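What follows is one structure encoded as structure tokens, with my remarks underneath.
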Amino acid sequence: MEANKQMEDKILNEVTNIIRGKLKDGSHITLDKNTILSELDINSITFIGIVVALELAFEFEWNDEKLLFTAFSTISSMAEYVESEI
């Protein structure tokens, strides 16, 4: 059980760091699992950059049906998707 929580935390941290790295002013923004993605300055190009970075970091292929920014409301929902795919 503890190992699963550690894996979830690791994925959440990596997803958060990747999103932060793709934002124009990411180093100045506080992000956590409840951050609402639509409130961040993410356009379609930035979203695809996040997707590609996550695919490379976690070695999986993003499902085409989930290639919609609106499919993810929070950082946590994106991290949960990544966890379900790896």
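Checking each residue in segment 31-55 for being of a type in the set (Val, Ile, Thr) and in contact with a helix residue (DSSP H, G or I) (Cβ under 8 Å, 6 or more places away or on another chain) picks out Thr35, Ile42, Thr46, Ile50.
Note on segment 56-86: residues that are at pLDDT 95 or above, of a type in the set (D, E, K, R) and in contact with a helix residue (DSSP H, G or I) (Cβ under 9 Å, 6 or more places away or on another chain) total 4.
Checking Ala53, Ala3 one by one, the residue that is free of Cβ contacts under 8 Å to residues at least 60 places away in the same chain, more than 14 Å from Glu85 (Cβ to Cβ), among the small types (Gly, Ala, Ser) and buried (at least 16 other Cβ atoms within 10 Å of the Cβ) is Ala53 and no other.
Within segment 24-48, the set of residues being over 12 Å from Phe69 (Cβ atoms), surrounded by 14 or more Cβ atoms within 10 Å (Cβ to Cβ) and under 12 Å from the mean Cα position of the chain (by Cα) comprises Leu31, Lys33, Thr35. For segment 19-50, residues that are touching a residue at least 40 places away in the same chain (Cβ under 8 Å) and not in a helix (DSSP H, G or I) total 5.
The values are calculated or read from the model by the stated rules, or taken from the named source; none is laboratory data. This structure is a prediction, so every number in the text was calculated from the model and none was measured. Every residue, glycine as well, gets a Cβ built from its backbone with ideal geometry; the counts of neighbours run over all protein chains shown.
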